[in-house]
Amino acid sequence: MEAERLLLIVEDDAAFARTLSRSFERRGYAVLLAASLEEVVAVLKTNKPEYAVVDLKLASGTSGLACVQTLHALDAGMLIVVLTGYASIATAVEAIKLGACHYLAKPSNTDDIEAAFGRAAGDADVGLTERPTSIKTLEWERIHETLAATGFNISETARRLGMHRRTLARKLVKQRVK
């Protein structure tokens, strides 16, 4: 039997963290959990994980990017995957610059994350997407980002986006917020 691999999961959603933890434990990983940068620092005092899965947006108001930076500073060889429901090119670039080996948008499962650990070196032959991002997709991403920033307050989101509250409400009915 292969030796246990030590994995740190940095996730503020306790239910998701438990589910992910159990799934990785079934695959032979020893799992440590942290929900904030402070907890990551505390865990690192007594453990040296080989792998980490870091949520980009933590409830403590801290960016997961700060956790990536801390983990990479401890061990540049650690394989770090950033997992987020708020994917953007800017945060993907910063995550890689700070030491992440991969960046995955939610929903992602254990198979996706484990595959990302295996693709840490990158692939120069990866195919380019044939379809550019649509205006509707960009609009939805901006609406969702602003909704999250306002604590899902529709009136404040509409004000920040410069649209009528009812217009925003109609758009939200067409595409559910997750």
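Under 7 Å between Cβ atoms, which residue pairs at least 6 apart in sequence (or on different chains) link something in segment 93-122 that is surrounded by 14 or more Cβ atoms within 10 Å (Cβ to Cβ) with a partner that is in a helix (DSSP H, G or I) and among the hydroxyl-bearing types (Ser, Thr, Tyr)?
Thr110/Ser23
Any chance segment 124-141 includes a residue that's modelled with pLDDT under 90, of a type in the set (D, E, K, R), out of contact with any Lys or Arg (no Cβ under 7 Å at 6 or more places or on another chain) and under 29 Å from Glu39 (Cβ atoms)? I'd like the intermediate steps shown before the answer.
Taking segment 124-141 first, the residues modelled with pLDDT under 90 are 124-141.
Now drop any that are not of a type in the set (D, E, K, R), which leaves 125, 130-131, 136, 139, 141.
Now narrow it down to the ones that are out of contact with any Lys or Arg (no Cβ under 7 Å at 6 or more places or on another chain): 125, 130-131, 136, 139, 141.
Subsequent filtering for residues that are under 29 Å from Glu39 (Cβ atoms) retains none.
Within segment 124-141 (the criterion being modelled with pLDDT under 90, of a type in the set (D, E, K, R), out of contact with any Lys or Arg (no Cβ under 7 Å at 6 or more places or on another chain) and under 29 Å from Glu39 (Cβ atoms)), the answer is no, since none of the residues qualifies.
The values are calculated or read from the model by the stated rules, or taken from the named source; none is laboratory data. On a predicted model such as this, the values are computed, not experimentally measured, just so you know. Heads up, the Cβs are rebuilt from the backbone with ideal geometry, glycines too, and the neighbour counts pull from every protein chain shown.
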